Amino acid sequence: MAWTSLGRYLDSLERDGDLLRITRPVDVELEAGGIADLLVKTSGPAVLFEKPRLPDGTISDVPLVMNIFGSKERTMKALGARGKTEIGDRLVSLMKPDIGAYMKAPWKGIPLLRDALALPPKVVRRAACHQIIDLDPDVTKLPIPKCWPMDGGRYITLPLVVTRDPMSREHNMGMYRGQVHSEKEIGLHWQIHKHGADHASLHPEGRMPVAICIGGPPELIFSAIAPLPDNLEEYMFAGFLGRKRLKLARARTQDLLIPAEADVVIEGWTDPNEVKLEGPFGDHYGFYSLPGNYPVLHVTAITRRKNAVIPATIVGLPPMEDGFLGEAIGAQFTPVLRFQHRDVRSVFLPLETGFHNLAVVSSRQRYPRQARKTALGLLGAGQMMLLKTMMLIDEDEDPHDLNVFLDALNDRVDPSEDIIEIHGLPGDSLDPANPFENVQAKLIVDATSLPEADPRHGGNLPLGTPEIDTPEWRKGLDVPPGVPLGFELRVLELPGVSQAKMLRSSMLVITTQIEGGPSPRDGMVEPNEKLAEKQRATINQITEAVWQLEGSENLRWLFITDDDLELHSKGSNRRLLWQLFARFDVERGLKWDTNRSRIAWDATAPIPAQNGELPARRWPAVTLHDPEILQRIQENAVEDGLDGREWPDNLLL
């Protein structure tokens with residue numbers, strides 16, 4: 001179904017008891033974001049702030065709503081999908097119609113025809129987003145939140161940024177955060193890999209029209225973040241999602257087509273040669289993304305509906321609302337991914353790792369190294385090029401199951417043969433662990449079973465192919481070796497080790513305290529070569545001490561991270577996923593023993609430095625709430641309907 005407007009979706013949530021209204025004034029700076037964060041981390045409802053209070057103390061006449069996608073149920077409802085792969089299945093049917101079946105039974109093609117007819121948008125003369133027009137706009141009067149204390153300002157966090165290719169005149173709608181610089185200036189954080197940046201590069205000497213649309217039907221918001229094929233516009237996909245042609249209208253001051261049912265539209269232009277410092281911003285990796293120079297939108301008009309509502313989200317230390325959107329995208333687009341990469345069975349990007357840090361892929365492995373071929377193909381597929389680590393498991397295994405994932409790493413990974421490093425590839429601009437912005441090394445871990453034709457298996461080999469000497473356990477013919485029982489107790493006696501925990505018989509995680517290392521609340525900006533050298537020495541000393549213990553020859557995985565994590569508390573494994581992947585860089589953090597049979601995985605927050613084998617850039621603070629804001633939320637909990645909600649265990653506060 002097509003929601004056609006954000007209001008209809010919110011009305012439906014309220015009828016279902018899935019919308020909390022807060023009627024008292026709530027500050028858009030820090031307080032609203034803190035409440036939304038508490039709700040998403042306690043499986044709470046969406047929240048509508050009826051009286052959002054602006055920094056100058058005035059109450060905005062436009063309400064603010066948050067956490068509208070903060071559960072699996074709400075996300076599926078927003079998409080209008082009953083099955084977890086329904087949208088992808090419909091897309092594949094459109095991409096590869098079963099002509100034979102439709103020739104025999106033409107009526108079976110009616111749903112496909114309806115989907116096809118819903119694709120082209122239609123331009124209308126009267127639009128809801130033009131009910132109120134302000135040609136002397138002031139962006140600061142909108143209830144745009146500041147969610148974290150160290151954010152560079154207030155941010156539009158669910159923006160639908162519309163640009164147009166000057167050559168083809170095709171429109172793109174992407175989600176690039178917008179920092180409110182002043183009454184008529186907004187920072188445009190489109191990263192170098194994005195379509196917005198691509199369009200800007202085609203305007204080297206002229207103004208480029210831009211519109212930031214906020215709100216509108218949920219299918220519109222989903223379209224802006226969906227990994228669509230290059231030949232499918234977001235406007236077309238929004239119509240496809242809602243099974244109804246999307247209404248577009250002409251912007252009032254710019255040469256653009258905009259969604260007619262958007263709640264608010266901010267029109268303006270940008271000069272690609274003009275940049276301004278943007279950031280920091282508490283981002284989905286759980287850290288503040290580093291400040292950088294980005295284009296500026298010069299606002300020429302703000303138009304809106306009479307009953308407009310500003311939707312916003314808070315991103316930061318997972319789990320967060322964007323995690324539910326990300327997991328829904330992964331599930332819904334799996335059929336498309338399988339259509340494009342036929343060996344893929346399922347893909348999971350855990351929300352705890354910030355998505356681009358880890359993908360667990362179940363893949364066919366009929367012939368030797370087939371899963372590795374699949375991984376290389378995925379690393380070239382759209383935004384998956386930004387993935388840092390890809391773990392491959394068998395096609396009959398569920399990548400969503402953390403225990404299956406750990407078992408595969410323990411049972412079927414021989415570090416000397418199954419871990420592949422690839423250097424010098426594109427990296428996510430938002431990943432602070434990268435030694436160089438936009439450039440990183442990738443890691444492929446092959447934990448699939450060996451097919452008989454693989455020379456490491458030694459079974460039914462092709463004529464004349466010699467066998468590669470391989471341990472019996474790696475062939476699946478013996479129990480994988482591990483360390484003796486109680487091994488972690490001896491590790492705890494080593495200098496520098498704070499905690500130790502066996503994840504599997506060959507997998508140990510330990511925590512340590514790095515002297516002078518970045519603190520979660522403040523991070524670390526200035527390089528300190530002496531402390532960085534000491535950090536590297538500490539990690540090396542701990543690694544060598546563990547590897548020299550009796551029985552350590554079968555400790556194939558040694559993970560080391562900071563001691564701000566309580567390893568033995570409830571929920572520690574999920575938090576550990578974030579810590580091990582968000583603080584890890586492949587080139588700087590992966591260390592091998594002399595036989596390449598064991599690896600140490602350094603996931604301690606790096607101290608900024610330029611010396612050493614690789615540089616470490618400024619290390620950002622973790623997204624942590626202001627204690628005074630947490631106290632205020634607690635004091636108003638009963639009035640706000642938040643009574644009884646407690647922050648989960650093992651969460652940095």
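Things to note:
- Any chance L567 is at pLDDT 95 or above and in a loop (DSSP other than H, G, I, E, B): no
- Flag if K41 is within 21 Å of the chain's Cα centre (by Cα), open to solvent by 10 Å² or more (accessible area, probe 1.4 Å) and either basic (K, R) or closer than 15 Å to E321 by Cβ (or both): yes
- For the stretch 433-455, a residue qualifies if it is touching a residue at least 24 places away in the same chain (Cβ under 8 Å) and open to solvent by 10 Å² or more (accessible area, probe 1.4 Å), and the qualifying residues are F436, E437, N438, S449, L450, P451, A453, P455.
- Filter pass, G88 being modelled with pLDDT under 95, exposed (fewer than 14 other Cβ atoms within 10 Å of the Cβ), part of a helix (DSSP H, G or I) and not acidic (D, E): no
- For the stretch 175-205, a residue qualifies if it is small (G, A, S) and in contact (Cβ under 8 Å) with a residue 60 or more places away in the chain, and the qualifying residues are G178, G187, A200, S201.
- Those strands (runs of 3 or more DSSP E) lying entirely in the stretch 308-373 with at least 1 residues of a type in the set (A, V, I, L, M) and closer than 24 Å to S289 by Cα: 310-312, 359-363
- Qualifying residues in the stretch 456-475 (those that are over 25 Å from L378 (Cβ atoms) and in contact with a Leu (Cβ under 8 Å, 6 or more places away or on another chain)) - the one least open to solvent (accessible area, probe 1.4 Å): T470
- Residues considered: E467, E493. Of these, the only one that is on the phi < 0 side of the Ramachandran plot and at pLDDT 95 or above is E493.
- Applying the condition of being among the hydrophobic types (A, V, I, L, M, F, W, C) and under 12 Å from H568 (Cβ atoms) to the stretch 493-502 and asking which residue is surrounded by the most Cβ atoms within 10 Å (Cβ to Cβ) yields A500.
- A Cβ distance below 9 Å, combined with a sequence gap of six or more or placement on separate chains, defines the contacts here; from the stretch 342-358, residues that are touching a residue at least 60 places away in the same chain (Cβ under 8 Å) and closer than 18 Å to D585 by Cα reach residues that are in a strand (DSSP E or B) and β-branched (V, I, T) in the pairs P350/V360; T353/T389; N357/T389; L358/T389.
- Of the strands (runs of 3 or more DSSP E) lying entirely inside the stretch 147-212, those containing at least 3 residues that are at pLDDT 95 or above and not hydrophobic (A, V, I, L, M, F, W, C) are 178-182.
- Residue pairs whose Cβ atoms lie under 7 Å apart, separated by 6 or more positions or on different chains, with the first residue in the stretch 558-572 and under 13 Å from A500 (Cβ atoms) and the second at pLDDT below 90 and not in a loop (DSSP other than H, G, I, E, B), are L565/S572; L565/R575; E566/S572.
- Residue match in the stretch 417-424 (condition: in a loop (DSSP other than H, G, I, E, B) and under 30 Å from Q191 (Cβ atoms)): no
- Boolean, R74 is open to solvent by 30 Å² or more (accessible area, probe 1.4 Å) and not aliphatic (A, V, I, L, M): no
- Every condition in (1) at positive phi; (2) modelled with pLDDT of 95 or more holds for I510 except the one numbered (1).
- Residues considered: A308, A301, A371, A375. Of these, the only one that is in contact with a Pro (Cβ under 7 Å, 6 or more places away or on another chain), in contact (Cβ under 8 Å) with a residue 24 or more places away in the chain and open to solvent by less than 10 Å² (accessible area, probe 1.4 Å) is A301.
- Within the stretch 542-559, one or more residues are part of a loop (DSSP other than H, G, I, E, B) and open to solvent by 40 Å² or more (accessible area, probe 1.4 Å).
- Residue that is nearest to the chain's Cα centre (by Cα) [pool: residues in the stretch 207-235 that are within 19 Å of E274 (Cα to Cα) and in contact (Cβ under 8 Å) with a residue 60 or more places away in the chain]: I212
- Residue match in the stretch 225-237 (condition: of a type in the set (A, V, I, L, M), under 26 Å from L142 (Cα atoms) and not in a helix (DSSP H, G or I)): no
The values are calculated or read from the model by the stated rules, or taken from the named source; none is laboratory data. Since we're looking at a predicted model, the values are computed, not measured. Here the Cβ is made from the backbone with ideal geometry for all residues, glycine too, and neighbour counts use every protein chain on show. In case anyone asks, the SASA skips ligands and DNA or RNA and just uses the protein heavy atoms, side chains included. Shrake-Rupley method; radii C 1.70, N 1.55, O 1.52, S 1.80 Å.
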